[in-house]
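Colleague: Just passing along the structure, written as structure tokens.
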Amino acid sequence: MGDFSSPEACEYQEDENYVPTSNDIREYAVYLGIDPLTESDLMWIAEEGVSARLPEGWKPCSTKKGQVYYFNTGSGQSSWTHPKDVEFKEVLAAERAKRRKRLQEEVGKQQHQQQQQQQQQQQHRGSVHNSTAFSNNEHEPQSYRSVPAPPVPAEVQRPLFGASPVPAATSYTTNNSCTKLKVLSKSDKRVIQQVRVGGSTTFASIAAVVGGGGRSTFCDSDGFVFPPSDLVQTHFSGPDTAVVYT
């Protein structure tokens with residue numbers, strides 16, 4: 001270990017009444033690796049360490065050059081460092097680990113609280129958005145509307161001979177089977193209008209457009225007059241063109 005004196009030459013006697021000064025504690029803290037400014041909460045380790053008594057069988061000695069070392073009279077072992085130094089360095093490492101864990105837990109709690117606050121804010125914004133959306137019929141979901149949504153406009157073929165479009169009140173409902181209907185003048189067989197009718201179109205609704213005011217009646221080539229309330233497709237069905245006379 002170096003130029004040790006023989007055990008008989010040890011002149012140091014451990015002071016059982018030794019009380020460390022603040023400078024002693026600070027110096028030992030620096031020796032252990034404690035920063036007195038930033039780790040003041042760990043200074044108690046330095047205070048206990050600098051006051052620790054030597055284990056049984058150990059005593060302080062010095063070399064011929066005046067360097068202090070520690071000698072175990074029982075085992076003959078010698079050491080440059082105090083036998084208790086290792087113990088207090090381990091305590092320091094354990095306390096630092098505890099402090100890191102506490103800091104991590106605090107950071108984790110803060111992050112959890114921030115996440116909860118963000119979720120609450122998002123939920124609050126979502127509830128405000130939903131209440132605003134419900135007040136606006138354009139954005140309100142179908143299932144929450146108090147008034148049914150308007151039906152999809154029926155497909156209406158514009159007349160080929162300049163007639164006006166079918167009024168919205170008498171719009172036709174299309175289905176998978178539509179009938180192409182030609183309305184002819186009974187007198188000269190001239191085509192008056194061509195329309196595409198669906199399953200719910202009646203002769204009365206055609207009369208409202210062709211004859212104006214629903215006064216027209218329709219018949220077939222044999223003279224049979226179709227009842228106004230009858231559906232067109234009860235007499236004509238499929239995609240073929242049907243002909244009626246007015």
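The values are calculated or read from the model by the stated rules, or taken from the named source; none is laboratory data. These numbers were taken from a predicted model, which means no experiment stands behind them. Positions of Cβ are generated from backbone atoms using ideal geometry, with glycine treated the same way; all protein chains shown enter the neighbour counts. Quick note on the areas: whole protein, heavy atoms, side chains included, nothing else; ligands and nucleic acids left out. Shrake-Rupley method; radii C 1.70, N 1.55, O 1.52, S 1.80 Å.
Colleague: Which order, highest average first, do 43-55, 103-115, 79-91 follow once you tally other Cβ atoms within 10 Å for each residue and take the mean per peptide?
Modeller: Working: 43-55: 16.9, 103-115: 10.0, 79-91: 15.0.
By packing density, highest mean first, the sequence is 43-55, 79-91, 103-115.
Colleague: Might you tell me the accessible area per residue for the stretch 14-61, computed with a 1.4 Å probe and given in Å²?
Modeller: With the other protein chains kept in place, the stretch 14-61 gives 62 Å² per residue.
Colleague: Heavy atoms only, probe 1.4 Å: what % of the accessible area of the stretch 46-88 goes to carbon and sulfur, would you let me know? Display every interim value, and only then the final one.
Modeller: Details: 1090 of 2370 Å².
In the stretch 46-88, the share of accessible area belonging to carbon and sulfur is 46 percent.
Colleague: List the lysines whose Cα lies under 22 Å from the Cα of Lys89, skipping any in the same chain that are fewer than 8 positions away.
Modeller: Once the sequence-local lysines are set aside, what remains near Lys89 is Lys59, Lys98, Lys101.
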